[in-house]
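Written out below as structure tokens is the structure these notes cover.
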Amino acid sequence: MIGVGTADSSPKNRMDIQVTEFKGPAATDICTINLGTAVPELNSNKFLGPVIRMSLPSFSGCTEYNPHLLKYSCQIECRIRAVQPAEVSGPSLPPKIDTEKSSECQSFDITDTTTREVRENERNLSISVMLSKPILALEFNCLKMQVEAPIVVSPCSKYILKRS
């Protein structure tokens with residue numbers, strides 16, 4: 001489970017967000033995200049960016065609880081502009097090794113070790129993506145969103161429901 005919390009930061013227009021991974025009673029800091037929180041007022045002379053309109057289709061269903069494939073239509077209108085990206089920093093301390101678990105099991109199962117290594121590699125990859133340099137940061141203002149009622153596209157076959 002991933003937890004997100006805020007911490008007080010020194011500048012008035014900045015906010016620190018601490019991202020932590022929880023596994024049972026153990027908690028590991030993943031990263032800290034420092035965001036600028038200054039938002040221009042709607043009546044101010046600051047440039048809010050151009051208006052964009054998008055139509056986003058979405059699908060759901062085909063489950064044992066809802067056997068039909070449903071299509072939703074979502075229209076979004078907002079103002080968008082480029083902003084300075086958030087500053088992401090890595091964990092302050094290196095992740096702790098679970099010594100209690102390793103002392104209990106003196107003979108390691110190859111499958112468990114491989115699974116643990118794969119999970120650790122996936123976690124490290126996620127952290128490296130968070131810490132990588134952003135290409136572009138966008139701010140969305142004056143967001144208007146309209147979601148239509150779902151439309152039944154087709155019933156799903158029993159074969160698809162059994163596989164999920």
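Exposure proxy shown here: for K71, K144, the number of other Cβ atoms within 10 Å sets the order, fewest to most, as K144, K71.
The peptide list 60-66, 15-21, put in order of mean Cβ contacts within 10 Å with the highest first, becomes 15-21, 60-66. With θ taken as phi - 60° and the Karplus curve 6.51 cos²θ - 1.76 cosθ + 1.60 applied, the whole-hertz 3J(HN,Hα) list for the stretch 130-146 is 4, 8, 5, 6, x, 7, 8, 10, 10, 10, 10, 10, 6, 6, 10, 9, 10 Hz, x standing for glycine and proline.
Modelled spin labels at L131 and L56, positioned 7 Å past Cα toward Cβ, are 3.0 nm from each other. For T115 and A26, a Förster radius of 22 Å and the Cβ-Cβ distance give a FRET efficiency of 0.80, rounded to the nearest 0.05.
All of the numbers you see were taken from the coordinates with simple rules; none came from a lab. It should be emphasised that the depicted structure is a prediction, and the values quoted were computed from it without experimental measurement. Methodologically, a virtual Cβ is constructed for each residue, glycine included, from the backbone with ideal geometry; neighbour enumeration extends over all protein chains shown.
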